[in-house]
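Engineer: This is the structure, below, for whatever I ask next.
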Amino acid sequence: MIEQSWRHGLLDAYGEANCFARLKAGHDKGERNRGRQTQARIGLVAVLLLLTTLPCLAQEAGDAAHGERVFQYCFACHSVDPNEKAQLQGPSLTHIIGRPAASLKGFDYSDAMKQRGAAGLVWTAATLDTYIADPQSVVPGTRMAAVPVRDAKDRADLIAYLAKSGAWRP
């Protein structure tokens with residue numbers, strides 16, 4: 001019996017009866033530590049799951065190199081050159097991340113864009129993503145007449161390219 005119990009890992013240094021009494025009373029430190037380890041593992045798994053889903057919820061990190069190619073659709077009306085002197089149909093997109101809507105001095109925004117800017121619209125990755133996908137849903141009455149970018153990866157890549165110029169500095 002003792003030999004069989006040892007094989008199954010039921011005995012410790014205190015002997016068979018003591019081992020069962022300690023387990024019943026909940027005084028086995030090994031069992032408590034295993035419980036804590038299990039809780040720690042569950043917590044770690046929860047944190048890892050949260051970290052892996054947050055980018056999907058917020059904004060996928062994009063490929064700025066591909067975003068530069070996607071920007072060619074925008075290039076006729078917009079620039080990302082901070083020294084651009086030409087008067088284009090659209091405002092400069094340099095330092096767009098964090099910029100309040102309709103706040104670039106010297107550009108004639110539509111009344112709809114001015115109203116949304118006055119209401120507190122700020123160009124974050126999330127608002128840009130929504131705007132690029134469907135401009136009229138974010139700013140009804142906007143003058144932007146470009147074809148919306150429907151592909152989520154293309155939008156993420158485009159936003160990554162625009163973000164390379166840095167965040168808005170008033």
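Engineer: How many of the residues in the range 109-161 are touching a Ser or Thr at 6+ places or on another chain (Cβ under 6 Å), closer than 25 Å to A61 by Cβ and polar (S, T, N, Q)?
Structural biologist: Summing the residues that are touching a Ser or Thr at 6+ places or on another chain (Cβ under 6 Å), closer than 25 Å to A61 by Cβ and polar (S, T, N, Q) in the range 109-161 gives 0.
Engineer: State whether one or more residues within the range 94-113 are at pLDDT 90 or above, exposed (fewer than 12 other Cβ atoms within 10 Å of the Cβ) and touching a Gly at 6+ places or on another chain (Cβ under 9 Å).
Structural biologist: yes
Engineer: State whether one or more residues within the range 81-102 are of a type in the set (S, T, N, Q) and touching an Asp or Glu at 6+ places or on another chain (Cβ under 9 Å).
Structural biologist: yes
Engineer: Go through (1) farther than 23 Å from D157 by Cα; (2) modelled with pLDDT of 95 or more one by one and return the number of the condition L121 breaks.
Structural biologist: Just one mismatch for L121, condition (1).
Engineer: Just give me the residues in the range 78-104 being touching a Phe, Trp or Tyr at 6+ places or on another chain (Cβ under 9 Å), in a loop (DSSP other than H, G, I, E, B) and either in contact (Cβ under 8 Å) with a residue 60 or more places away in the chain or small (G, A, S) (or both), in sequence order.
Structural biologist: Across the range 78-104, the qualifying residues are V80, G90, S92, L93, H95, I96, I97, G98, A101, A102, S103.
The values are calculated or read from the model by the stated rules, or taken from the named source; none is laboratory data. Not measured: the values here are computed from a predicted model. Quick reminder, even Gly has a Cβ in these numbers, built from the backbone with ideal geometry, and neighbours come from all protein chains shown.
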